[in-house]
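One structure below.
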Amino acid sequence: MGSYNLIKLQKKVKKELDADRFLHTLGVMYTSAALAMRYGEDIEKAQVAGLLHDCAKCIPNDKKIRMCKERQIEISKVELKSPFLLHSKLGAYLAKEKYGVEDPDILSAIMWHTTGRPNMTRLEKIVFTADYIEPQRCKAENLPKVRRLAFHDLNLTVCRILEDTLHYLDSGQAEIDPMSRSAYRYYHNLFYETEDKGHSITS
């Protein structure tokens, strides 16, 4: 028996999300589990992180800002301009305080699922990827290729997702969190530095 009651967690988080977001959440949970099976990660941790990754998503933006200030959660200039970005760090906080998750691996996977970061843990990469490729997603231009790649090479998938995301954001007026650029540089360099050496970068 696992440490977490996924049925109870699902019922609890369902009350905080709209129907579309909850369907997406279930997709991320199942896709995270599938990727965890593929890459030898803890399946239950992947499920819990996937289930709770967007637990703060449907909180109104002004309330996100207020909640972060009340809880002394740092708000960057980019997050102040685009408060939706706060759902990751606020979600990590709520996962612990409201849903009883103490595991730092799960909390960090929730924390970084939107922007990514350099040198992510395997669980962080799994949830970051699952959020992008889960079955309900349909708008990303290279989605079929990324979905196939996700079960072949996790680091290269993260690099591709970051590249496509930055290209999309750069083409519009949306704010880009500097962490996403840092993450892309890290994984781009990792892939091209190791590719010629024949080293595996899938873990």
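We did not get these values from a lab; they are worked out from the coordinates using the rules stated. This one's a predicted model, so the numbers in the text were calculated from it and none came from an experiment. Positions of Cβ are backbone-derived with ideal geometry, glycine not excepted, and every protein chain shown enters the neighbour counts.
Before moving on, here are some points about what is shown:
- Across segment 97-111, the qualifying residues are those that are crowded, with 19+ Cβ neighbours inside 10 Å and either out of contact with any helix residue (DSSP H, G or I) (no Cβ under 7 Å at 6 or more places or on another chain) or β-branched (V, I, T) (or both), and the one among them that is farthest from H53 (Cα to Cα) is V101.
- Matching residues, segment 122-157, being farther than 16 Å from I43 by Cα, among the basic types (K, R) and in a helix (DSSP H, G or I): K145, R147, R148
- Of all residues in segment 58-92, those being within 16 Å of the chain's Cα centre (by Cα) and under 17 Å from G116 (Cα atoms) number 9.
- Among the residues of segment 1-15, those that are surrounded by fewer than 18 Cβ atoms within 10 Å (Cβ to Cβ) and either without any contact (Cβ under 8 Å) to a residue 60 or more places away in the chain or in a loop (DSSP other than H, G, I, E, B) (or both) comprise M1, G2, S3, N5, L6, I7, K8, Q10, K11, K14, K15.
- Among (1) in a helix (DSSP H, G or I); (2) surrounded by fewer than 18 Cβ atoms within 10 Å (Cβ to Cβ); (3) of a type outside the set (V, I, T); (4) in contact (Cβ under 8 Å) with a residue 24 or more places away in the chain - the single one N119 does not satisfy: (1)
- Residues that are closer than 14 Å to S82 by Cα, touching a residue at least 24 places away in the same chain (Cβ under 8 Å) and not in a loop (DSSP other than H, G, I, E, B), drawn from segment 160-178: P178
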